[in-house]
Amino acid sequence: MNESSLPPVPTVPAAPRNAASAIWSLVLGILGLVGFGLFTGIPALICGHTAQARIRRSGGALTGEGLALGGLITGYISIALSVLMIPLLLAIAIPNFVKARELAQRNACINNLRQLDGAKLQWAVDNRRPEDAVPALGDLERFLASGSALICPAGGNYVLGAVNERPTCSVRGHELEDWKSFYRMREQRVP
């Protein structure tokens, strides 16, 4: 048989397929809405615009205009929400960080005051000093856990006072509780 006598084989046109970047745009846009904000919102926009350009240039071989449009919309919304939420979260977080820092400084200072109080008592016992004796800070260094003078983390100054007095800090709120009053309050609560 002659090859020219065969009937021509009909060619089936290829079905248009979705642009992969359009699908990625929608997936990333949805992830941006769920909570990843800028991290997936910006790539969703890039993929969406890339997908729209490829679909226009493909001449009908690529589809997915709706997917790309959905990705663009969700990407823009996720970026807008991120831009609004970041300042709101910062407005909540910054005061809490400041409070936590102040509390940590206060607790560290109170711990220093406790060490100074204990060092004063040890100094008085070791040197056979009366309760109204006032030690110098240099006298207490060997009795401190760190082996050196303590410093208030908030920049306050310590006043040692006499052995029978609690040391104080110049920063308001940095003060040792009177343990006697603490135990009295506790005894009053217990029936």
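The values are calculated or read from the model by the stated rules, or taken from the named source; none is laboratory data. Values in this document were obtained by computation on a predicted structure and should not be read as measured data. Cβ: placed from backbone, ideal geometry, glycine included. Neighbour counts: every protein chain shown.
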For the stretch 145-184, give me each residue that is at pLDDT below 85 and more than 38 Å from the chain's Cα centre (by Cα). K180, S181, Y183, R184
Enumeration of residues in the stretch 86-140 that are of a type outside the set (S, T, N, Q), under 18 Å from G173 (Cβ atoms), surrounded by 15 or more Cβ atoms within 10 Å (Cβ to Cβ) and without any contact (Cβ under 8 Å) to a residue 60 or more places away in the chain: A108, L116, D117
Residue within the stretch 108-123 that is aromatic (F, W, Y) and touching a Phe, Trp or Tyr at 6+ places or on another chain (Cβ under 7 Å) present: yes
Find all pairs meeting these conditions: Cβ atoms under 9 angstrom apart; at least six residues apart or on different chains; first residue within the stretch 31-54 and in a helix (DSSP H, G or I); second residue among the charged types (D, E, K, R). A51/E65; Q52/E65
Take the stretch 55-85 and flag every residue that is of a type in the set (S, T, N, Q) and either surrounded by fewer than 17 Cβ atoms within 10 Å (Cβ to Cβ) or not in a helix (DSSP H, G or I) (or both). S58, T63
Quick one: A14 ticks every box in (1) part of a helix (DSSP H, G or I); (2) touching a residue at least 24 places away in the same chain (Cβ under 8 Å) except a single one, so which number is it? (1)
I'm told G35 meets every condition in (1) surrounded by 14 or more Cβ atoms within 10 Å (Cβ to Cβ); (2) within 17 Å of the chain's Cα centre (by Cα) except one. Can you identify the failing condition by its number? (1)
